[in-house]
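A short write-up of the structure that comes next.
The values are calculated or read from the model by the stated rules, or taken from the named source; none is laboratory data. None of the values given here were measured: they were computed from a predicted structure. We place every Cβ from the backbone using ideal geometry, glycine too, and count neighbours over all the protein chains shown.
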Amino acid sequence: MPDLETKDTVARVLTGTDEIPAYPRLGKFANMETPRIVTTSWDDGDRADLRLAEMLRSREIQGTFYVPNTPYAGRPALSHADLRTLSSEGFEIGAHSVSHKLLWGLSAEELAREVNPCKPMLEDILGTEVRMFCYPCGRYDSNVMRALEAAGYWGARTVRMLSTRLEFNRFEMPTTLQIIPQPKSSYLKNVARAGKIEGLQVFLANMTRLDNWLDLGKRLFDSVLQNGGMWHLYGHSHEIEKLGLWDDLAEMLDYVAKREGVTYVPNCELIRLRSTRGRHAGNGKL
Ligand SMILES: [Zn+2]
């Protein structure tokens, strides 16, 4: 098998079982026998996302921007024109609820008001399908997952970290790392809440690096290079700005960019690339 296949070849292979069309405007797929995937995602639709997009664009790294329909915390938000430009460049735009309200525990009517309109509203702005959703503050329950499936989303991203496996319920997409320095106890709380053995294993294997997110991110990327899997970085541009992390982010992105054998995709492609085992994990057909 050649090192690089065209997106059409891979789409044909992968859609044999899923019948899910590949994301438009993707570049080359690396060898998919042992996938090595890099994706990134950015929440809240802040204007500072434009700086993020420039950093990703110059390194040919893909990403998904999750945008609520009303400006997050009253901050300057991406305009409709910004969203159209990002989408036309191949970045994915995903939904992040109408008002960034926490979704768990809402009544069916309240839930529908938050998750149903944001998909068609964004699709009207973009002129393209909105496939992914991201839970505000990572909070969700089985009612929220069902509401998202009924609304026609392909999947949803959580805030679960320390995951590199392409095995997950499509409405519980994990991440590898968040851009923000945090104490060991936050990682432990995160993996405990997720209740997945993988997270605990990664936590224990990286105990000495948890105080340095940049070092942790590099080592987790190295393990994906070696063993296959996904490396998923997520964050908030307003936080990066507030904490002065732009240089750290540049170093992290430089480390993972333009690597041979690595495929760079937006979040929705992970839904298609999940292993068969992952497709059947969790809630039945989800
Ligand atoms: Zn958010």
By residue number, the members of the stretch 193-212 that are in contact with a helix residue (DSSP H, G or I) (Cβ under 8 Å, 6 or more places away or on another chain), under 23 Å from HIS236 (Cα atoms) and assigned to a helix (DSSP H, G or I) are GLY199, PHE203, ARG209
Log entry, pairs with first residue in the stretch 62-80 being within 16 Å of ASP124 (Cβ to Cβ), second being within 15 Å of the ligand (Cβ to nearest atom) and aromatic (Phe, Trp, Tyr), beta carbons closer than 9 Å, six or more apart or on different chains, reads LEU78/PHE65
Quickly run through the stretch 112-134 and pick out the residues that are within 13 Å of the ligand (Cβ to nearest atom) and within 17 Å of SER79 (Cβ to Cβ). CYS118
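Condition check ((1) within 16 Å of the ligand (Cβ to nearest atom); (2) of a type outside the set (Ser, Thr, Tyr)) across all residues:
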{"position": "ALA73", "(1), (2)": "yes, yes"}
{"position": "SER79", "(1), (2)": "no, no"}
{"position": "PHE91", "(1), (2)": "no, yes"}
{"position": "PRO136", "(1), (2)": "yes, yes"}
{"position": "GLU149", "(1), (2)": "no, yes"}
Residue pairs qualifying under the 7 Å Cβ cut-off, at least six apart or on distinct chains, with the first in the stretch 132-148 being within 17 Å of PRO174 (Cβ to Cβ) and of a type in the set (Val, Ile, Thr) and the second being part of a helix (DSSP H, G or I) and more than 10 Å from the ligand (Cβ to nearest atom), are VAL144/LEU111
Of all residues making up the stretch 185-211, the number that are surrounded by 14 or more Cβ atoms within 10 Å (Cβ to Cβ) and either basic (Lys, Arg) or under 25 Å from ASP254 (Cα atoms) (or both): 7
For the stretch 59-71, enumerate the residues that are of a type in the set (Val, Ile, Thr), closer than 20 Å to THR39 by Cα and within 14 Å of the ligand (Cβ to nearest atom). THR64, VAL67
Yes/no for TYR187 being in a helix (DSSP H, G or I) and of a type in the set (Phe, Trp, Tyr): yes
Take the stretch 94-108 and flag every residue that is more than 14 Å from the ligand (Cβ to nearest atom) and at pLDDT 95 or above. none
Contact list please: Cβ distance under 7 Å, first residue in the stretch 183-198 and at pLDDT 90 or above, second residue among the charged types (D, E, K, R) and buried (at least 16 other Cβ atoms within 10 Å of the Cβ), pairs at least six apart or on different chains. ASN190/ARG160
Go through the stretch 18-41 residue by residue and tally those that are at pLDDT below 70 and assigned to a strand (DSSP E or B). 2
Examine the stretch 25-40 for a residue that is under 22 Å from TYR153 (Cβ atoms), within 16 Å of the ligand (Cβ to nearest atom) and not β-branched (Val, Ile, Thr), and state whether such a residue exists. no
